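Every number in this text was worked out from the coordinates using simple rules, so none of it is lab data. Worth saying up front: this structure is predicted, and the values here are computed from it rather than measured. We place every Cβ from the backbone using ideal geometry, glycine too, and count neighbours over all the protein chains shown.
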Ligand code: ATP
Ligand code: FE
């Protein structure tokens with residue numbers, strides 16, 4: 001069966017076509033407009049989605065080599081995300097499903113980041129249930145116990161900033177452009193991770209905290225810049241490597257604790273920060289060191305994309321879990 005997925009929760013407009021659990025196309029239009037503001041401007045995002053959505057959907061269908069009439073369901077992101085952005089995808093999905101007279105399927109974006117692991121790929125082994133998913137993105141940092149496709153329990157999450165936010169805000173302090181995560185990752189690979197030491201937050205149990213780290217980095221940079229105005233420029237790679245080392249350390253500590261508490265050693269990661277080279281290496285090492293079996297998504301399924309929305313649509317389609325046409329975009333949708 002052919003399913004069209006639509007994603008518009010933040011600043012990427014994306015459409016994907018699936019045939020069963022295989023991807024035929026996955027088109028992403030990233031909005032450049034936010035770069036000059038150093039962060040996503042909700043009103044501009046909503047407007048950009050409006051101008052992107054028709055061409056992006058057309059392109060996804062064209063790449064997949066199918067026509068609208070062959071579609072059997074439309075899956076869309078209901079939430080969580082920015083209300084103005086979600087509304088564009090939601091209304092578009094509803095009108096298309098209504099016009100074609102096919103089922104409409106609402107999808108939780110965070111379930112999408114996790115269930116992207118069930119997209120069929122050559123040589124990729126899907127995680128067996130139960131597994132632990134660590135979702136690390138621009139708006140979330142969660143450890144989720146995944147008992148089944150739609151039976152998920154959040155067993156730990158951030159009490160303040162998300163890890164992607166920690167990357168982006170640290171980057172802003174260093175004068176890097178938005179989003180800074182990929183740039184810090186690049187620079188970190190050329191630096192010494194032990195050049196500077198930042199203390200890890202003390203948070204009980206499986207919860208995370210990243211706002212203290214951001215403040216520590218701000219004070220550190222302010223102090224060092226007083227002594228040497230060119231401090232950041234002269235030591236950028238070392239600073240980035242040290243930040244990355246600290247963040248990966250925080251993530252791995254919590255994962256180790258989650259494994260200890262649940263006894264589950266199948267570990268999947270998802271969300272934009274799962275593109276990070278440091279976390280990918282740390283997980284591969286954990287396979288050797290602790291005997292974990294890790295699942296790392298293909299690069300194109302890490303940051304926001306509609307393929308992950310379409311796969312959830314497919315899994316719901318199999319259960320005939322369709323939505324009513326009065327379903328509403330929900331900015332703070334929970335897993
Ligand atoms: P959410 O999924 O929580 O609603 P979002 O959809 O905005 O948030 P994603 O698109 O999943 O977030 O991820 C974007 C985040 O990933 C940004 O904060 C970006 O800096 C970060 N990111 C992307 N690539 C990397 C990388 N290589 N290293 C570190 N961070 C990265
Ligand atoms: Fe996301």
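Some observations on this one:
- Fraction in percent of alpha-carbon pairs per bin - 5 Å, segment 282-328: 5, 16, 13, 16, 14, 13, 11, 6, 4, 2, 0
- Centre separation in Å (Cα based) which lies between segment 1-76 and segment 297-335: 13
- The residues 318, 86, 236, when put in order of fewest to most other Cβ atoms within 10 Å, stand as 318, 236, 86.
- Under 18 Å from the residue 200 label point (7 Å along Cα→beta-carbon), backbone N, segment 161-185: 161-164, 166-167
- For the chain, averaging the sequence separation of C-alpha pairs within contact (under 8 Å, six or more residues apart) and dividing by the residue count gives a relative contact order of 25 percent.
- Scaled radius of gyration (Cα, divided by 2.2 N^0.38 Å) that segment 224-327 gives: 1.52
- When the alpha carbon coordinates of segment 20-139 are projected onto the principal axes, the ranges are 41, 37, 22 Å, largest first.
- Value of relative contact order over segment 65-211, rounded to a whole percent, pairs C-alpha under 8 Å and six or more apart: 16
- Exposure proxy order (Cβ contacts within 10 Å, fewest to most) of 78, 47, 332: 332, 47, 78
- Only Cα sites of segment 89-171 enter the Debye sum here, all with the same form factor; the resulting log10 I(q)/I(0) across q = 0.14, 0.27 1/Å is -0.68, -1.19, listed in q order.
- P(r) for segment 42-101, from all Cα pairs and a bin width of 5 Å, is 4, 17, 26, 26, 16, 9, 2 %, short bins first.
- Segments 105-114, 63-72, 260-269 sorted - mean Cβ within 10 Å per residue, highest first: 105-114, 260-269, 63-72
- For segment 16-73, the spread of Cα positions along each principal axis, largest first, Å: 40, 19, 17
- Pairs of alpha carbons in segment 143-227 separated by more than 16 Å make up 64% of all such pairs.
- Ranked for footprinting exposure by Cβ neighbours inside 10 Å, fewest first, 168, 160, 324 give 324, 160, 168.
- Legend: P(r) of segment 180-247 from all alpha carbon pair distances, 5 Å bins from 0, whole percents, reading 3, 17, 24, 26, 18, 8, 3, 1, 0.
- DSSP beta bridges in the chain [antiparallel fraction, %, rounded to 5]: 60
- If you wrap the tightest convex hull around every Cα atom of segment 150-297 and split its volume per residue, you get 115 Å³.
- When Rg and the Kirkwood Rh are both derived from Cα coordinates, the Rg/Rh ratio for segment 82-234 amounts to 1.07.
- Ellipticity at 222 nm from helices only: DSSP H runs of n ≥ 4 in the chain, each -39500 (n - 2.57), divided by the residue count, give -14000 deg cm²/dmol.
- Applying Stokes-Einstein at 20 °C and 1.002 mPa s to the Kirkwood radius of the chain, computed over alpha-carbon pairs, gives a translational diffusion coefficient of 105 µm² s⁻¹.
- Cα-only Debye scattering, segment 167-206: base-10 log of I(q)/I(0) at q = 0.17, 0.30 Å⁻¹: -0.58, -1.00
- Only Cα pairs under 8 Å and 6+ residues apart enter the sum, and on that basis the relative contact order of segment 177-335 stands at 23 percent.
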